[in-house]
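The values are calculated or read from the model by the stated rules, or taken from the named source; none is laboratory data. Since this is a predicted model, take the numbers as computed values, not measurements. Every residue, glycine as well, gets a Cβ built from its backbone with ideal geometry; the counts of neighbours run over all protein chains shown.
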Amino acid sequence: MVDVQGFNYAGDGGQGGLNTGRNIDDFHAKFPRLPTIGSETGSEYFTRGIYRNDKERGYVSAYDLNHPGYTMTTEGWWKVFDERPFLAGGFTWTGFDYRGEPSPYGWPCISSHFGILDTCGFPKDIFYYYQSWWGAKPVLHLFPHWNWNGKEGDDEIDV
């Protein structure tokens with residue numbers, strides 16, 4: 001018996017979103033009064049201020065596109081949780097980047113890219129997505145920039 005049931009990665013049993021939410025719904029049908037949360041909801045990769053993947057340099061695009069196969073994007077897991085009012089919320093992996101468990105790249109990278117903040121505590125772009133859901137003030141965060149210095153004449157830039 002537990003006081004609160006937690007589900008990791010949208011309760012999909014590690015199937016990378018193939019059965020997204022099904023395990024959560026099945027559990028809730030059996031135990032509708034047991035409080036339920038996301039104990040580890042997201043595990044996405046981002047490098048602050050970088051907008052293209054570059055394995056050689058150890059950079060991961062800050063757009064919400066990169067994640068391990070056992071989870072989904074930030075917007076993806078949040079949609080699963082937002083559609084289920086019986087869920088009390090969720091904890092993402094992790095708040096900060098950290099040394100060790102280099103992800104998604106191995107050596108010579110030495111750091112994870114999972115955090116909402118980088119190792120120095122600076123917010124990544126995804127920070128503002130979270131802030132828009134749970135903060136008290138309106139949020140407008142445009143990135144990377146609509147006239148990115150040095151990118152003149154390049155293909156269109158997603159803003």
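Would it be correct to say that Glu56 is on the phi > 0 side of the Ramachandran plot, exposed (fewer than 15 other Cβ atoms within 10 Å of the Cβ) and not small (Gly, Ala, Ser)?
Working: on the phi > 0 side of the Ramachandran plot: no; exposed (fewer than 15 other Cβ atoms within 10 Å of the Cβ): yes; not small (Gly, Ala, Ser): yes.
It is false that Glu56 is on the phi > 0 side of the Ramachandran plot, exposed (fewer than 15 other Cβ atoms within 10 Å of the Cβ) and not small (Gly, Ala, Ser).
Of everything listed in (1) more than 10 Å from the chain's Cα centre (by Cα); (2) in a loop (DSSP other than H, G, I, E, B); (3) crowded, with 17+ Cβ neighbours inside 10 Å, the single unmet condition for Gly38 is (2). Every condition in (1) at pLDDT 90 or above; (2) crowded, with 16+ Cβ neighbours inside 10 Å; (3) assigned to a loop (DSSP other than H, G, I, E, B) holds for Gly49 except the one numbered (2).
Taken over region 80-96, the criterion of being surrounded by 15 or more Cβ atoms within 10 Å (Cβ to Cβ) and within 12 Å of the chain's Cα centre (by Cα) is satisfied by Gly90, Thr92, Trp93, Thr94. Residues that are at pLDDT 90 or above and part of a loop (DSSP other than H, G, I, E, B) were ranked within region 68-93; the one that is nearest to Asp158 (Cα to Cα) is Glu83.
Can you tell which of Leu117, Leu87, Leu65 is touching a helix residue (DSSP H, G or I) at 6+ places or on another chain (Cβ under 8 Å), of a type outside the set (Phe, Trp, Tyr) and free of Cβ contacts under 8 Å to residues at least 24 places away in the same chain? Walk me through it before giving the result.
Numbers: Leu87 fails: free of Cβ contacts under 8 Å to residues at least 24 places away in the same chain; Leu65 fails: touching a helix residue (DSSP H, G or I) at 6+ places or on another chain (Cβ under 8 Å).
On inspection, the qualifying residue turns out to be Leu117.
Could you go through region 98-108 and let me know if any residue there is at positive phi and charged (D, E, K, R). Yes - at least one qualifying residue is present in region 98-108.
Take the residues of region 139-157 that are surrounded by 10 or more Cβ atoms within 10 Å (Cβ to Cβ) and touching a residue at least 12 places away in the same chain (Cβ under 8 Å): which is nearest to Tyr128 (Cα to Cα)?
Start the filter on region 139-157 by keeping residues that are surrounded by 10 or more Cβ atoms within 10 Å (Cβ to Cβ), which leaves 139, 141, 143-145, 148, 151, 157.
Still in the running and touching a residue at least 12 places away in the same chain (Cβ under 8 Å): 141, 143-145, 157.
On the way: His141: 7, Phe143: 11, Pro144: 13, His145: 15, Ile157: 19 Å.
By that ranking, first place goes to His141.
For region 110-147, the set of residues classified as in contact with a Phe, Trp or Tyr (Cβ under 7 Å, 6 or more places away or on another chain) and of a type in the set (Asp, Glu) consists of Asp125 only. If you go through region 41-81 and keep only what is closer than 24 Å to His145 by Cα, of a type outside the set (Lys, Arg) and touching a Pro at 6+ places or on another chain (Cβ under 8 Å), you end up with Tyr45, Gly49, Tyr51, Gly58, Val60, Ala62, Asn66.
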